[in-house]
Amino acid sequence: MRDHDELFGALARSEFRSRFGLAGKERAYLEEKGRAVVLEHARGFVEERLRPARPVNDGKQTPMKNHPAFIAQHATATCCRGCLETWHRIPKGRELTPEEIDYIVRVIGRWLAGQEAPRALARYGQAIGARNLSMLVRMIFANVSSPTSSSSRRIRRWISNHSIPPAYPSGEGSDRSVPKMSWSGP
């Protein structure tokens, strides 16, 4: 299994893998159900379609649309046993271990989190202005892999100091308090 930062760097350099993104009904489904539910579904898909040593229709078992997890699987090369072997160093010909399934779901979760970020940043961008948004984006992506790092604490402190309104104002919109930042990653 590969280090996530190394893997996502390689995926970003792949013309095929980097063209995937959530749009339309898949994005709406993720927003409606939330990442936790989509990841539960992803775990079920992985256990059903990838866990066996020789999956039925290997290489063709993951649809290209109709669920955010399917799009994420293709984007992260967790769609078939061949891709798992090539991209993630998980050998074919044997059943996946529980640790490997957890790893695959974490990879899918990280990609889904990246798909949620642009929408949230757009909402904040309208409230704080382009210059401040640019600074915030640089801070976020400088250390996206560690939600408990000092960088993450600096980001939360910066958000608090700049009185950023919540992404989803409550009620009449008069609540302009700073949103609580919490990590709900994979």
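The values are calculated or read from the model by the stated rules, or taken from the named source; none is laboratory data. Note that this is a predicted model, so its numbers are computed, not measured. As a convention, Cβ positions derive from the backbone with ideal geometry for all residues, glycine included, and neighbour counts pool all protein chains shown.
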Of the candidates Arg27, Arg43, Arg2, Arg35, the one satisfying the condition of being surrounded by 13 or more Cβ atoms within 10 Å (Cβ to Cβ), under 14 Å from His88 (Cβ atoms) and in contact with a helix residue (DSSP H, G or I) (Cβ under 8 Å, 6 or more places away or on another chain) is Arg2
Contact list, first residue from segment 85-96 and touching a residue at least 12 places away in the same chain (Cβ under 8 Å) and within 13 Å of Pro52 (Cβ to Cβ), second anywhere and of a type in the set (A, V, I, L, M, F, W, C) and exposed (fewer than 14 other Cβ atoms within 10 Å of the Cβ), beta-carbon distance below 7 Å, six or more apart or interchain, is Gly93/Ala53; Arg94/Ala53; Glu95/Ala53
Determine whether segment 13-22 contains at least one residue that is in contact with a Pro (Cβ under 9 Å, 6 or more places away or on another chain) and free of Cβ contacts under 8 Å to residues at least 40 places away in the same chain. no
Within segment 66-84, the count of residues that are in contact (Cβ under 8 Å) with a residue 24 or more places away in the chain and either hydroxyl-bearing (Ser, Thr, Tyr) or in contact with a helix residue (DSSP H, G or I) (Cβ under 7 Å, 6 or more places away or on another chain) (or both) comes to 10
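With outside any helix (DSSP H, G or I), aliphatic (A, V, I, L, M) and at pLDDT 90 or above as the only criterion, which of Ala72, Ala77 stands out? Walk me through it before giving the result.
Working: Ala72 fails: outside any helix (DSSP H, G or I).
Sole residue among the options that is outside any helix (DSSP H, G or I), aliphatic (A, V, I, L, M) and at pLDDT 90 or above: Ala77.
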Residues in segment 33-70 that are over 17 Å from the mean Cα position of the chain (by Cα) and β-branched (Val, Ile, Thr) total 2
